[in-house]
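> Pasting a structure here, questions to come.
The values are calculated or read from the model by the stated rules, or taken from the named source; none is laboratory data. Keep in mind that this is a model prediction, so the values were computed, not measured. We place every Cβ from the backbone using ideal geometry, glycine too, and count neighbours over all the protein chains shown.
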Amino acid sequence: MTKKLKRQGKKIIISLFLFLLALFLKGLGEKSYSLFELFAIICFLLSYLIVGTEVIKKAVRTITAGQIFDENFLMVIATLGAFFISEYPEAAAVMLFYQIGEWFQSYAINNSRKSIKEMMDLCPNEARVLRGDREEMADPGEVEPGDTILVKAGERIPLDGIIQKGSCSLDTSALTGESIPKEVKEGEEVCSGCINLNSAVEIKVTKEFTDSTVMKIMELVENASVNKAVSEKFITRFARYYTPIIVILALLLAIIPSIITGTPLVWIYRALSFLVISCPCALVISIPLSFFGGIGGASKRGILIKGSNYLELLASAEAVVMDKTGTLTKGSFQVVDIVSMKPEMDKEQLLAMAAYGEYASNHPIAKALHEAYGKEIQKENLEYAKEIPGYGVEALYQHQKIYVGNEKWMETLGISCQQPETWGSVCHIAREGEKREYLGYIIIADQLKEDARDTIRVLKDMGIKRIVMLTGDGKNAAGQIAKELRIQEYYSELLPYHKVEIMEKILQEVQPGKKVIFVGDGINDAPVLARADIGIAMGGLGADVSIEAADLVIMNDQPSKIITAIRISHKTLFIVKENIVMALGIKMLVLLLAALGIATMWAAVFADVGVAFLAILNAMRAMRIKEYVS
């Protein structure tokens, strides 16, 4: 709890004590003890001033600024009017309970900010920079790319970089929502904001502090409230016209019946009750708070939303367009099968031949072969290796010429090969002997993410009518993955501008009022992310482009987070509608009762503060939406 909330809480407790004391003294005063009656009035005034002074100041400030009709003005005019007609308990009670409602509102906002505040505290104030043999503590903003920093166990990484020395486990939960530690070693990238759990590492800084992951996230979170949802804008416009209309109606209620009946005090009391009831606090407070709670709940689960307008748009999604690599697949190649065509050659020998042949290549397939082989390349076994771009390699391995590459390479060499049906890439191996002979093949495939299948299935169950997969892969590979995921519509062999063209076509085909989501890795998909109604960047950890181009950033690699984001959107909008119906319904009923003289000032207190309090409690539910787990 903040210091400000504690101070407000103390004022409310003192005011409440004086109010209860005043009620007790008033009871004694009613037994002809006039002195107690005087003390009761003083206690009511003190109780009122302790909690009401700030409201009066705000009302004066808004009036001088030309904004007369707000809730502060209504509270002041209604309570001072109650004092004027000697309704001291009602006047003090209205202000006291109004401030209690305000306190709970601030407490609710403080709670909903909590998960976001954790993200705002991601970066330490100092970085441990290595200068030769010395360690110097420096402001992260003063550290430059190329500098080496030391991060000890238990410390938070202050800047993005690459591990130069050591290995460790990282707690990435503040960024990704993922509770399982991530193991990193030399040569791997690390992001600012992660906590080093076990051993010291030296990190070469690759980005300035202003360009770091933490700063990008902080900027995103700070600006999240700028983009308002349609519901929030409606409430702002509604309050602008609603308040002056209510004041005019209250004046008419006080004047016209008073002239007709000759009982002005009765009708002034009713008009004051009418004013208190009319305060649009429940709406003004609960609607933004509901969206803020949804955004806070999402950030706690590793989903960053740039504004409540995007959270609202998610609920209207009809189509989801997804890039394949990095979204549905891991984007990292692995050897999934080795098939030898020669009885005398086992799988290990075939893999070794391919790994040696691809020794000099930096292609992802070559890297996958080297990782699968897992042994150090003995250079004396390899006399030369020559890469033929677009085909493969030719090498002299253990004094025999070998060929490693794709089907086109085998055809060029006049070698008949077997082409299996697979969504992966096929690496064929052949050798030069008395004649060229085919030895076998190795399948290297991009792996589907563990929750990819469940994500597609659940999205369909949620009513997403159209799911489209886009990829630059060949038609065969794309078809195999689409079949595996049960995606009927897919497009292959695409360049970035092709994806934009397809997105434009889909945007024109959806029903009016419905929206299209695009999900990509944020690196090559920035144009499509920007063009979609809602752009979601997957695996945004450390990817500047994803944070800048997308409307939502999922900070880990789980496509199932899309389901969680949509669920949060639906639940938040449902809570918003509940609050609108509840606040307006109760207020209109009590307003009518007040005009008829049935509802007293105490009923007015409930209609104003009570409804606001109920709406706040309801809005806080937006933070506790269950996350989808595959």
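> Suppose the filter is closer than 18 Å to Y310 by Cα and either at pLDDT 80 or above or in a loop (DSSP other than H, G, I, E, B) (or both); does I562 pass it? Spell out how you get there, then give the answer.
On the way: closer than 18 Å to Y310 by Cα: yes; either at pLDDT 80 or above or in a loop (DSSP other than H, G, I, E, B) (or both): yes.
When the stated conditions are applied, I562 passes them.
> Let me confirm something: among E450, E421, E437, E407, which residue is of a type in the set (D, E, K, R), over 30 Å from L507 (Cβ atoms) and modelled with pLDDT of 90 or more? Lay out the reasoning, then the answer.
Details: E450 fails: modelled with pLDDT of 90 or more; E421 fails: modelled with pLDDT of 90 or more; E407 fails: modelled with pLDDT of 90 or more.
Just a single option satisfies the conditions, and that option is E437.
> Here's something else I'd like to know. Condition first: over 23 Å from S290 (Cβ atoms), assigned to a helix (DSSP H, G or I) and modelled with pLDDT of 80 or more. Can you find one or more residues in the stretch 565-575 that meet it? Give the derivation first.
First, the residues of the stretch 565-575 that are over 23 Å from S290 (Cβ atoms): none.
No - not one qualifying residue is present in the stretch 565-575.
> Which ones in the stretch 339-370 are exposed (fewer than 15 other Cβ atoms within 10 Å of the Cβ) and basic (K, R)?
Those that are exposed (fewer than 15 other Cβ atoms within 10 Å of the Cβ) and basic (K, R): K342, K347.
> Also, quick follow-up: Considering only residues that are part of a helix (DSSP H, G or I) and out of contact with any strand residue (DSSP E or B) (no Cβ under 8 Å at 6 or more places or on another chain), look in the stretch 438-466 and name the one that is surrounded by the fewest Cβ atoms within 10 Å (Cβ to Cβ). Lay out the reasoning, then the answer.
Filtering the stretch 438-466 down to residues part of a helix (DSSP H, G or I) leaves 452-461.
Going one step further and asking which of them are out of contact with any strand residue (DSSP E or B) (no Cβ under 8 Å at 6 or more places or on another chain), we end up with 453-455, 457-458, 461.
Working: R453: 16, D454: 16, T455: 25, R457: 14, V458: 18, D461: 9.
Out of the qualifying residues, it is D461.
> Of all residues in the stretch 408-436, count the ones that are touching a residue at least 12 places away in the same chain (Cβ under 8 Å) and more than 18 Å from A368 (Cβ to Cβ). Lay out the reasoning, then the answer.
First, the residues of the stretch 408-436 that are touching a residue at least 12 places away in the same chain (Cβ under 8 Å): 408-410, 412-433, 436.
Then drop every residue that is not more than 18 Å from A368 (Cβ to Cβ), which leaves 408, 410, 412-419, 421, 430-433, 436.
Count: 16.
> Oh, and also: If you take the residues of the stretch 371-405 that are within 48 Å of the chain's Cα centre (by Cα) and surrounded by 17 or more Cβ atoms within 10 Å (Cβ to Cβ), which of them is nearest to Q447 (Cα to Cα)?
Keep residues of the stretch 371-405 that are within 48 Å of the chain's Cα centre (by Cα), which gives 371-377, 387-393, 404-405.
Filter once more, keeping what is surrounded by 17 or more Cβ atoms within 10 Å (Cβ to Cβ): 372-373, 387, 391-393, 404-405.
Numbers: A372: 14, Y373: 18, E387: 26, Y391: 23, G392: 22, V393: 25, V404: 22, G405: 21 Å.
Within the stretch 371-405, the match that is nearest to Q447 (Cα to Cα) is A372.
> Of the numbered conditions (1) more than 21 Å from R301 (Cβ to Cβ); (2) in contact (Cβ under 8 Å) with a residue 40 or more places away in the chain; (3) of a type outside the set (F, W, Y); (4) buried (at least 16 other Cβ atoms within 10 Å of the Cβ), D211 satisfies every one except a single condition; which is it?
The single condition D211 does not satisfy is (4).
> Could you tell me which residue of the stretch 491-519 is modelled with the highest pLDDT, considering only residues that are assigned to a helix (DSSP H, G or I) and over 21 Å from S316 (Cβ atoms)?
So the first thing to find is which residues in the stretch 491-519 are assigned to a helix (DSSP H, G or I), and the list is 496-509.
Subsequent filtering for residues that are over 21 Å from S316 (Cβ atoms) retains 496-501.
Details: P496: 70, Y497: 72, H498: 84, K499: 85, V500: 85, E501: 88.
This residue is E501.
> Next up: So R431 clears everything in (1) assigned by TED's automatic domain parsing to the domain that holds V335; (2) of a type in the set (K, R); (3) surrounded by fewer than 17 Cβ atoms within 10 Å (Cβ to Cβ) except one condition, right? Which one?
Going through (1) assigned by TED's automatic domain parsing to the domain that holds V335; (2) of a type in the set (K, R); (3) surrounded by fewer than 17 Cβ atoms within 10 Å (Cβ to Cβ) one by one, R431 breaks only (3).
> Being outside any loop (DSSP other than H, G, I, E, B), out of contact with any helix residue (DSSP H, G or I) (no Cβ under 8 Å at 6 or more places or on another chain) and of a type outside the set (A, V, I, L, M) is the filter; apply it to the stretch 124-141 and report the residue that is surrounded by the most Cβ atoms within 10 Å (Cβ to Cβ). Let's see the steps before the verdict.
Step one: filter the stretch 124-141 for residues outside any loop (DSSP other than H, G, I, E, B), giving 127-131, 134-138, 140-141.
Subsequent filtering for residues that are out of contact with any helix residue (DSSP H, G or I) (no Cβ under 8 Å at 6 or more places or on another chain) retains 128-131, 134-138.
Add one more test, that the residue is of a type outside the set (A, V, I, L, M), and what stays is 128, 131, 134-136.
Numbers: R128: 20, R131: 10, R134: 7, E135: 12, E136: 13.
The residue in question is R128.
> Give me the pairs: first residue in the stretch 588-612 and at pLDDT below 70, second residue not in a helix (DSSP H, G or I), beta-carbon distance under 7 Å, and six or more apart or on different chains, which are they?
M601/E87; D608/C279
> Identify all residues within the stretch 1-34 that are more than 42 Å from the chain's Cα centre (by Cα), of a type in the set (A, V, I, L, M) and at pLDDT below 80; write none if there are none. Write out each step before concluding.
To start, the set of residues in the stretch 1-34 that are more than 42 Å from the chain's Cα centre (by Cα) comprises 17-34.
Applying the additional criterion that residues be of a type in the set (A, V, I, L, M) yields 18, 20-23, 25, 28.
Across the stretch 1-34, the qualifying residue is only L28.
> Of the conditions (1) in a helix (DSSP H, G or I); (2) over 30 Å from I42 (Cβ atoms); (3) at pLDDT below 80, G101 fails just one. Which one is it?
So G101 meets the others, but not (2).
> While we're here: Report, by residue number, each residue of the stretch 322-374 that is within 25 Å of L494 (Cα to Cα) and in a helix (DSSP H, G or I).
Of everything in the stretch 322-374, those that are within 25 Å of L494 (Cα to Cα) and in a helix (DSSP H, G or I) turn out to be P364, I365, A366, K367, A368.
> Further, regarding this structure: What are the residue pairs meeting all of these: first residue in the stretch 361-384, first residue over 15 Å from V336 (Cα atoms), second residue assigned to a helix (DSSP H, G or I) and aromatic (F, W, Y), Cβ atoms under 9 Å, and 6 or more apart or on different chains?
Here the result reads I377/Y356; Q378/Y356; N381/Y356; L382/Y356, each pair linking the stretch 361-384 to a residue that is assigned to a helix (DSSP H, G or I) and aromatic (F, W, Y).
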